[in-house]
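Since the structure comes first, as structure tokens, the remarks are kept for the end.
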Amino acid sequence: MDTVLTEVGLERVDVTLSFIGKLNSSAPKYGVTCMHGEIECEGNLQELCMTTHVPQLRNWWPWLECVNLAGRDRIGHLDTAVDCAVMAGIDWIEEGVYKCIKGRDGEEREGVRLLQESVKKTADLGITTSCTILVSGKKRCVRDDGEWKDCEGGSSTADLARTIDEEWKRLNPDFA
């Protein structure tokens, strides 16, 4: 996805992260059950807090890349998220990301609410596979088990960039 975003330009896309899970009121920490356990839920929550409190893609995307490059076994760990925030030049406290993740005594964590809303939205969209790419709300491609699937129009960087570029021009005819 990095090469696609580089090719089309970050200013031309609005990336929204949406997570797969199951709403589960008996799951005490999150009210959600994630496939890979609580640590995956925590990582998803961190990502939602980051994208909510640092809304510019050009600012949070480097953070997300750093977290993902740290490896699957480091996603969801607070020290990884903080280290990547420092690397990306994001003030974790000032931006409100930390409060979103950890909350305050006696308060419901904003991140928990964001995670529950995200899981519900993903289910409502009928998305069951990560990573599913939508362009203007329509399924464009699915990355599953290391392979691209259901990619009408192709799955190469050029194919995905072309789809995004065509959609951007359709939505912004005065700037095309």
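Applying the selection to region 62-78, what residues are farther than 20 Å from Leu115 by Cβ and either open to solvent by 50 Å² or more (accessible area, probe 1.4 Å) or in a helix (DSSP H, G or I) (or both)? Pro62, Glu65, Cys66, Leu69, Asp73 - these are the residues of region 62-78 that are farther than 20 Å from Leu115 by Cβ and either open to solvent by 50 Å² or more (accessible area, probe 1.4 Å) or in a helix (DSSP H, G or I) (or both). Count of region 87-102 residues, restricted to those that are open to solvent by less than 90 Å² (accessible area, probe 1.4 Å) and not in a helix (DSSP H, G or I), is 6.
Listed here are the residues, each with its yes/no results for (1) basic (Lys, Arg); (2) within 17 Å of the chain's Cα centre (by Cα); (3) surrounded by 14 or more Cβ atoms within 10 Å (Cβ to Cβ).
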| site | (1), (2), (3) |
| --- | --- |
| Val4 | no, yes, yes |
| Val8 | no, no, yes |
| Asp14 | no, yes, no |
| Ile20 | no, yes, yes |
| Ser25 | no, no, no |
| Pro28 | no, no, no |
| Val32 | no, yes, yes |
| His36 | no, yes, no |
| Ile39 | no, yes, yes |
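Residues in region 19-49 that are among the polar types (S, T, N, Q) and under 23 Å from Asp83 (Cα atoms): Asn44, Gln46.
The values are calculated or read from the model by the stated rules, or taken from the named source; none is laboratory data. Model, not experiment: these values are computed from the prediction. Counting neighbours? That spans all protein chains shown, and the Cβs are built from the backbone with ideal geometry, glycine included. For accessibility, only protein heavy atoms count, side chains too; no ligands or nucleic acids. Shrake-Rupley method; radii C 1.70, N 1.55, O 1.52, S 1.80 Å.
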